[in-house]
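To start, the structure under review is shown below, and the notes come after it.
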Amino acid sequence: MNIWQFQERLAAILLGWATASIGAGFRLNRYREPLQQGMGEQFIGWGLINGVIAAFGATSAKRRRQLPDATNRATQSAERRKLARLLWLNTGLDVLYILGGALTIIGRGTRDERWRGRGLGIVIQGGFLFFFDLINALLLGRLPEKVGSRVGDGASDGLGDNAQSL
């Protein structure tokens, strides 16, 4: 798997989470309970933002993998470094989201169920993103340095799928 395939996989997973979040948010908003409505608001909002980020990431990776130097080792290494920095930065931000949600729960959430739901929604969304970013940052560090070719050209992706050479 090369860096472009890795980025496209990340975008697909994030888009799936975004879609599920929006669907769950609309479902939660159907209830009359303020706690569930507050969570639903957060799920829809975070889902929309994550959907935009996923679409941008997928489009960007597809566009950049078509550049003439896309399979160049230096280009792929630079992309890996940029993505790793982004994932680690986001992991730290995710902790702040979780803390912000927790503070909302113990602050305004003690007086208002809708705000408690909003805080809980933030904690859930931030929690998913924390593990998503952390796991993918760690996986990126284990991605083989071997530069894969463009998808569909029959070349090995660097993960041992070229077994006939054994």
Practice prompt. Check whether at least one residue in segment 29-36 is farther than 15 Å from F128 by Cβ, loosely packed, with under 15 Cβ neighbours inside 10 Å, without any contact (Cβ under 8 Å) to a residue 24 or more places away in the chain and not hydroxyl-bearing (S, T, Y), and report yes or no.
Written response: yes
Worksheet item: Which of the residues belonging to segment 64-78 are part of a helix (DSSP H, G or I), farther than 23 Å from D133 by Cβ and either at pLDDT below 85 or of a type in the set (K, R) (or both)?
Response: R73
Worksheet item: Can you name the number of the only condition in (1) closer than 30 Å to F26 by Cα; (2) modelled with pLDDT under 95; (3) over 14 Å from the mean Cα position of the chain (by Cα); (4) crowded, with 17+ Cβ neighbours inside 10 Å that G148 fails?
Response: (1)
Worksheet item: List, please: which pairs have Cβ atoms under 6 Å, are six or more places apart or on different chains, and start with a residue in segment 39-64 that is closer than 27 Å to F6 by Cβ and end with one that is of a type in the set (D, E) and in a helix (DSSP H, G or I)?
Response: A58/E8; A61/E8
Worksheet, complete the sentence: Taking segment 32-63 and keeping residues of a type in the set (A, V, I, L, M) and modelled with pLDDT of 95 or more leaves L35, M39, I44, L48, I49, V52, I53, A54, A55
Worksheet entry | Within segment 112-144, considering residues that are touching a helix residue (DSSP H, G or I) at 6+ places or on another chain (Cβ under 9 Å) and not in a helix (DSSP H, G or I), the one nearest to R27 (Cα to Cα) | D112
Fill in: Criterion (hydrophobic (A, V, I, L, M, F, W, C), surrounded by fewer than 19 Cβ atoms within 10 Å (Cβ to Cβ) and in a helix (DSSP H, G or I)) met by exactly one of F26, F43
F26
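The values are calculated or read from the model by the stated rules, or taken from the named source; none is laboratory data. Computed from a prediction, not measured in an experiment: that's the story for all the values here. Here Cβ is always computed from backbone atoms with ideal geometry, including for glycine, and neighbour counts include all displayed protein chains.
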